[in-house]
Amino acid sequence: MRRYHLTTFGCQMNAHDSERIKGLLESAGLGEAQSANEADVIVFNTCTIRERADGRFLQHLSNARALKRRDPDRRIIVGGCWSESMKDALFEEHPEVDFAFGPGSIARLGDYIGAGGSLPRGHFSTFDEFAGDLPMRRERPHQAWLQISMGCNSVCSYCIVPSVRGRERSRPWRDLVDEAERLVADGVREITLLGQNVNSYGRDLPVDDRIGFADLIRRLDGIDGLDRLRYTSPHPKDFTADVIAALASCASACEHMHLPLQSGSSRVLKRMRRTYDRDRFVALVGRIRAAIPDIALTTDIIVGFPGESEQDFADTLAVYDEVGFDHAFTFVYSPRRGTEAAAMDDQVADVVKRERVERLVDLVQLHAHRRNAALVGTVQEVLVEGVSRTDSDVGRGRSRGNKTVLFSPPAPEGALVDVRVEAATSQTLRGVALVAARQ
Ligand code: SAH
Ligand code: SF4
Ligand code: F3S
């Protein structure tokens with residue numbers, strides 16, 4: 001049997017797209033190889049969000065090129081966002097690539113394999129069709145992703161996503177409820193809704209069959225056997241009262257929200273075209289916490305956006321401190337070809353960016369530890385994902401607030417266990433399982 005090896009870069013969208021890619025390759029009769037070395041077909045699902053993502057992938061591609069030189073029958077296939085950003089120029093710069101496709105045309109990979117590689121080499125389009133009906137090889141038995149929309153209508157000046165994933169398209173809600181029901185029937189208890197801008201869901205659906213994000217949450221919450229509902233990423237601008245109310249009232253909606261701040265300076269936020277300012281963000285957090293008091297909040301922050309002054313950065317630290325997030329992904333600003341911010345003439349020097357991000361990371365750690373320490377003594381419901389990586393007598397899972405919890409005695413994967421938290425670091429909670437696991 002011919003074998004493939006897939007390497008995935010980037011965000012959860014890509015991780016989920018890769019489940020479809022694996023499903024397609026396997027239904028075409030290919031088996032999975034343990035390494036690119038042993039594979040006849042080397043596949044990459046790429047990301048291009050920052051320069052580093054490009055760099056890491058290009059390193060892998062050059063290894064694959066060396067393998068192909070040794071065995072010219074090998075095939076190299078490149079999908080994902082970097083691929084879409086390059087389009088046909090990809091084949092000029094990297095003639096070793098046999099086939100390439102964008103994130104909106106995953107199904108074309110199946111056509112290519114089915115045709116024995118006799119199709120044209122490139123298939124790019126920012127939107128072809130949802131991958132919802134494609135075969136899928138799910139990575140985890142009890143957790144699943146559900147793509148509710150694709151693309152993004154925002155115009156954040158630093159971001160390349162709208163140009164590689166296209167305009168926002170929502171999947172019809174009935175398809176989503178059907179897919180969620182199928183997943184639950186198959187043993188899934190936790191579903192994470194995926195979209196670049198999940199809470200603007202539905203606006204492009206036909207009027208006579210349109211529901212918004214709040215109603216979607218309510219309908220999915222009604223599915224018997226679905227214990228946990230998560231979603232990522234929402235945009236602060238689309239947190240209407242209706243959405244907050246739905247999240248607060250639906251039992252399955254987990255008490256965790258990833259709410260990207262990007263910057264705490266209103267001046268920078270304006271240049272980023274985020275459409276909210278510092279005060280509106282802080283007020284939103286206030287409304288969310290009033291409705292869902294124990295919610296865990298995580299965020300994304302970009303350091304060193306063009307023109308960011310020491311005062312702007314101090315504003316970011318101040319908002320971070322005021323909100324007291326549970327955790328954050330911190331990014332050094334990276335200019336992306338074709339974006340508005342890349343053309344701004346006041347780029348911040350690398351040394352300044354690096355020094356600022358270090359200060360921010362210290363603050364992130366401080367708050368992470370503080371927020372976790374406040375949970376010592378509480379009981380957290382944990383969905384078991386396995387055992388500790390270092391000790392198989394210790395169970396490992398996630399709380400509803402999305403924190404990693406280590407506990408003993410261990411319990412079967414997929415069980416829900418109540419754990420009394422006894423200790424906390426900035427990364428994990430540790431505790432004791434209280435009652436027999438709910439299977
Ligand atoms: N659609 C999501 C995620 C976008 S990409 C959202 O809007 O929340 C994930 C994160 O990467 C962004 O939130 C942003 O913090 C970061 N990012 C995007 N473009 C970047 C760039 N050019 N340089 C550095 N970080 C960037
Ligand atoms: Fe990029 Fe902004 Fe869209 Fe997020 S909302 S994907 S940061 S353009
Ligand atoms: Fe990267 Fe594309 Fe996701 S650029 S972050 S894989 S949407």
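The values are calculated or read from the model by the stated rules, or taken from the named source; none is laboratory data. These numbers were taken from a predicted model, which means no experiment stands behind them. Every residue, glycine among them, receives a Cβ derived from its backbone with ideal geometry; neighbour counts consider all protein chains shown. Quick note on the areas: whole protein, heavy atoms, side chains included, nothing else; ligands and nucleic acids left out. Shrake-Rupley method; radii C 1.70, N 1.55, O 1.52, S 1.80 Å.
Worth a mention:
- Conditions (1) within 16 Å of ligand 1 (Cβ to nearest atom); (2) β-branched (V, I, T); (3) buried (at least 20 other Cβ atoms within 10 Å of the Cβ); number of the one not met by V155: (3)
- Residues satisfying the stated conditions in the stretch 170-195, i.e. surrounded by fewer than 22 Cβ atoms within 10 Å (Cβ to Cβ) and under 22 Å from P236 (Cα atoms): R171, T192
- The residues listed here are G202, G264; of these, the one that is touching a Ser or Thr at 6+ places or on another chain (Cβ under 8 Å) and more than 22 Å from Q147 (Cβ to Cβ) is G264.
- In the stretch 107-135, of all residues being touching an Asp or Glu at 6+ places or on another chain (Cβ under 7 Å) and open to solvent by 60 Å² or more (accessible area, probe 1.4 Å), the one that is nearest to ligand 3 (Cβ to nearest atom) corresponds to R121.
- Matching residues, the stretch 298-354, being basic (K, R) and free of Cβ contacts under 8 Å to residues at least 40 places away in the same chain: R354
- Unique residue being surrounded by fewer than 20 Cβ atoms within 10 Å (Cβ to Cβ) and in contact with a Lys or Arg (Cβ under 9 Å, 6 or more places away or on another chain) when the list is R65, R50: R50
- Qualifying residues in the stretch 136-150 (those that are at pLDDT 95 or above and within 16 Å of ligand 3 (Cβ to nearest atom)) - the one surrounded by the most Cβ atoms within 10 Å (Cβ to Cβ): S149
- Within the stretch 1-29, restricting attention to residues that are among the polar types (S, T, N, Q) and in a strand (DSSP E or B), the residue that is farthest from ligand 2 (Cβ to nearest atom) is T7.
- Subset of the stretch 412-423 (residues that are out of contact with any Lys or Arg (no Cβ under 7 Å at 6 or more places or on another chain) and open to solvent by 20 Å² or more (accessible area, probe 1.4 Å)): P412, E413, D418, R420
- Selection within the stretch 361-380 - more than 15 Å from A424 (Cα to Cα) and open to solvent by 40 Å² or more (accessible area, probe 1.4 Å): V361, D362
- In the stretch 159-202, the residues that are out of contact with any strand residue (DSSP E or B) (no Cβ under 7 Å at 6 or more places or on another chain) and among the basic types (K, R): R167, R174, R182
- Residues that are away from ligand 1 (no atom under 16 Å from the Cβ), of a type in the set (K, R) and in contact with a strand residue (DSSP E or B) (Cβ under 9 Å, 6 or more places away or on another chain) are absent from the stretch 33-54 altogether.
- Conditions (1) more than 16 Å from ligand 3 (Cβ to nearest atom); (2) more than 30 Å from V384 (Cβ to Cβ); (3) outside the structural domain of T330 (by TED's automatic domain parsing): number failed by H235: (1)
- Note on the stretch 255-270: residues that are away from ligand 1 (no atom under 13 Å from the Cβ) and open to solvent by 10 Å² or more (accessible area, probe 1.4 Å) amount to 5.
- The stretch 53-62, residues that are within 13 Å of ligand 3 (Cβ to nearest atom) and either open to solvent by 80 Å² or more (accessible area, probe 1.4 Å) or outside the structural domain of G114 (by TED's automatic domain parsing) (or both): R56
- Enumeration of residues in the stretch 299-315 that are farther than 16 Å from V364 by Cβ, in contact with a helix residue (DSSP H, G or I) (Cβ under 6 Å, 6 or more places away or on another chain) and either part of a helix (DSSP H, G or I) or of a type in the set (S, T, N, Q) (or both): D312
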